[in-house]
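Okay, structure first, notes after.
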Amino acid sequence: MKRFPISAVAAAALLAGVAAGPAAAQDFGPLQFRTEELAPGVHLLQGAGGNVLACAGGGRLLLVDADYEQMADKLLAATAALESGPVALAVATHWHFDHVGGFGALAAAGAMLAAHESVPGWMASPQHLDVLDHDVPASPAAALPRICVGDTLTLRWGDETIGLRHVAGHTGGDLVVRLHRADVVHAGDLFFNCGYPYIDTAHGGSIDGMIRGLQYVLTLCGPATRVVPGHGPVATPTQMRVYLGILEEYRHIVATEKAGGATLAEIVAARPAASLDERWGEAMFPPEDFIEMIWLSVP
Ligand SMILES: [Zn+2]
C-alpha cells in the first residue's frame, strides 16, 4: 500500500523536481526553458524535466535528452533561438518520460533519435516504476530511438568529439555523454544535484550501479570539467564526489541493517541517516523512498 495515490503528472513532477504540490505540478504552462552557455556552441537548456544539453556543429544541433512531451514546443523554440540550425540528432541518457518526452516532436521536426539499445523496447510497451508505484504508458512508434547504442559510440559533431558510454546505474540503459572539446559531461540521472535520486530498480537500476556509474563519470573529469546532472544545477567534479559519498554512506547503512535482519519498515522508522536527510531528503525523493530503492537493490 502506497502512502499516497500518484497521478501520472504528479509522478512526472516528482521526477522533475517541480512537485511544489499537485496543482502546481499539473501545470506546465508557466514553465519556460532557461538557457545557459557552458562552452562555445554548447548550451544547457533547463525546463521542467531532465537537463537538456545542446551542441552545435556543422549547422546542426545535437541534443542530449528532450524534457517532457508537454514541453516539446518550448524545447523546439528554445533550440531555434540558439540559431545553430535544426536539431539533427537527439540522444537519450535513459528511457524516462521526463528525458525523452520531446522525442516524438523532435522526430516529426526531422531529428534522428538515439539511445541505449534497451530503451526502444521499454518505451514501446507499458512499464511500471518501482517505489513510485507508477504506470508509464507506451510511447508512439515515431518517438522510439532508431539508433541503438551498445557499449560505446563516438560521434564527430562539427569540431566536437562526443563519446557515449553505456552504464547500468539509474536504469539498466543509461548513457553517459562526454563532450571532449567542451570538457562537459552529461551524467543523466546518475546524478540528481538537488536531492536523493530515483533508482529504477524495475529496469536494471541499482544503488551499486549508481555508485559505479558516478565513479566512472569521475574518471572522465579534469579539474575544470562541467558536470551536467540529470536534475539540478551544473556541478564541479568535487561536488559530484560529495554526492557519490552520500550514496556510498547511505548504501552502507541500509545494506548493513538489512544484512542484520532489519525489515524495510524498521530501517525507515529508525531514520538511520537523519542528518543527511535534512539536507538531501526535501527537494526530490524523501528518505523513505531512497531507503526503499537501496533496500530493493542490495543483497
Ligand atoms: Zn530518470
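None of the figures in this text is laboratory data; all of them are computed from the coordinates on show. Just so it is clear, the model here is predicted, and its values are computed rather than measured. Don't worry about glycine lacking a Cβ; one is built from the backbone with ideal geometry, like all the others, and counts go over all protein chains shown.
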For this session: May I ask for the distance between the Cα centers of the range 231-261 and the range 43-120, given as a whole number of Å?
Result: 29
Exercise. How large are Rg and Dmax for the chain when only the alpha carbon atoms are used, in Å?
Worked result: 18.3, 59
Problem set entry | Model label zone, T219; criterion: amide N under 19 Å from point 7 Å along Cα-to-beta-carbon; scope the range 190-207 | 190-191, 206-207
Seminar exercise, completed: Correct response: the longest run of the chain lacking exposed GluC sites (Glu not before Pro), defined by DSSP loop and at most 16 other Cβ within 10 Å, is 118-281
Exercise. To the nearest 0.05, how large is the calculated FRET efficiency for D159 and A265 if R₀ is 45 Å and r is the Cβ-Cβ distance?
Worked result: 0.25
Seminar exercise, completed: Here the gain from full extension of R279 to A124, 0.36 nm per residue of separation minus their alpha-carbon distance, amounts to 52.1 nm
For this session: With everything on Cα atoms, drop me the angle between helix 237-259 and the longest principal axis of the chain, reported from 0 to 90° to the nearest 10.
Result: 30
Exercise. Taking only the alpha carbons of the range 118-176, what extent do you get along each of the three principal axes, in Å, biggest first?
Worked result: 43, 27, 16
Seminar exercise, completed: Counting as exposed only trypsin sites (Lys or Arg not before Pro) in DSSP loop states with no more than 14 other Cβ atoms inside 10 Å, the longest exposed-site-free span of the chain is 147-299
Exercise. Helix 207-219: angle to the longest alpha-carbon principal axis of the chain, degrees 0 to 90, nearest 10?
Worked result: 40
Seminar exercise, completed: Computed, not fitted: 222 nm per-residue ellipticity of the chain from DSSP H runs ≥ 4 (each -39500 (n - 2.57)), nearest 500, equal to -9500 deg cm²/dmol
Exercise. Please state the relative contact order of the chain as a whole percent: Cα pairs under 8 Å, 6+ residues apart?
Worked result: 13
Exercise. Just for the range 8-297, what percent of DSSP beta bridges are antiparallel, to the closest 5?
Worked result: 65
